[in-house]
Every structure is written in C-alpha cells, then in structure tokens.
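*Asks:* First the structure, then my questions, so here it is.
The values are calculated or read from the model by the stated rules, or taken from the named source; none is laboratory data. Quick caveat: nothing in here was measured; it's all calculated off a predicted structure. Here Cβ is always computed from backbone atoms with ideal geometry, including for glycine, and neighbour counts include all displayed protein chains. We work out accessible area using only protein heavy atoms, side chains counted, and drop any ligands, DNA or RNA first. Shrake-Rupley method; radii C 1.70, N 1.55, O 1.52, S 1.80 Å.
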Amino acid sequence: RVHGDFSLFRMELHLELAGGLELLFGGQKTFDVSVPPEVKRLGDLIAWMAANILVDRSRTELFVAEGTVRPGILVLINDCDWELENGIEYALKPRDAIVFISTLHGG
C-alpha cells in the first residue's frame, strides 16, 4: 500500500501546438509531458512550457505575454474553449489535453 501525500507525484498531460506555434517548440506538434507538482493551474503550465520545452527562446514573447499566452492564441482544454474553463486559473487534471493554436499569421 502507498501512504502519504499524493501531491508529490508528477502529472501527465497531452499538449498540442498548431498554427505555427510548433515552430517555437522545435517543430514538434505534440508533447506528452509529465509536469512537476507545483504546476497546478493552466497559468503554471504556460510558464513551465516557456521555461522547459520552448526551443526558440529568442521569440518567447510570441508564446507568452504578461503571465498568459499572447493575444491571438486560442487555447482548448479537452476540446473546450479555455474561457469557459476559467482561463489561466483552470485547475489541471491528470491526462488533460491542452491545445494551443496561433490565429496570427505573418506575411
């Protein structure tokens, strides 16, 4: 039997990037990640992604701005608009699927 504080365990999440955002993450469109216990809300996840899996650090501002994703990035939590799920305050759950889609395209 396992006793103790289960909050010490890492949480598995599925991340997807589209609309050009994947270029900031080394061209990788999907990530199955295991985040540390301190990543509890969607805002924490965004900061963790910028610090840990974002490859093109010179263009971090194309993903993050003022503690959230920059305007023009659509976020889906398990196929629902994140604004219906409390935005950056959303409490992450194991095996959540989070999708980030850039709606801004340069030209």
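*Asks:* Being touching a strand residue (DSSP E or B) at 6+ places or on another chain (Cβ under 8 Å), in a strand (DSSP E or B) and closer than 16 Å to L13 by Cα: is that true of V33 here?
*Replies:* Criteria met by V33.
*Asks:* Further question on the same structure: Output the number of residues of segment 79-99 satisfying the condition of being over 18 Å from S34 (Cβ atoms) and touching a strand residue (DSSP E or B) at 6+ places or on another chain (Cβ under 8 Å).
*Replies:* Of the residues in segment 79-99, 9 are over 18 Å from S34 (Cβ atoms) and touching a strand residue (DSSP E or B) at 6+ places or on another chain (Cβ under 8 Å).
*Asks:* Could you run through segment 63-88 and say how many residues are among the small types (G, A, S) and either more than 18 Å from L21 (Cα to Cα) or without any contact (Cβ under 8 Å) to a residue 12 or more places away in the chain (or both)?
*Replies:* Filtering segment 63-88 down to residues among the small types (G, A, S) leaves 65, 67, 72, 87.
With the extra rule that they be either more than 18 Å from L21 (Cα to Cα) or without any contact (Cβ under 8 Å) to a residue 12 or more places away in the chain (or both), the set shrinks to 65, 87.
Summing the residues that are among the small types (G, A, S) and either more than 18 Å from L21 (Cα to Cα) or without any contact (Cβ under 8 Å) to a residue 12 or more places away in the chain (or both) in segment 63-88 gives 2.
*Asks:* Within segment 55-106, how many residues are open to solvent by 60 Å² or more (accessible area, probe 1.4 Å) and at positive phi?
*Replies:* The number of residues fulfilling the criteria is 5.
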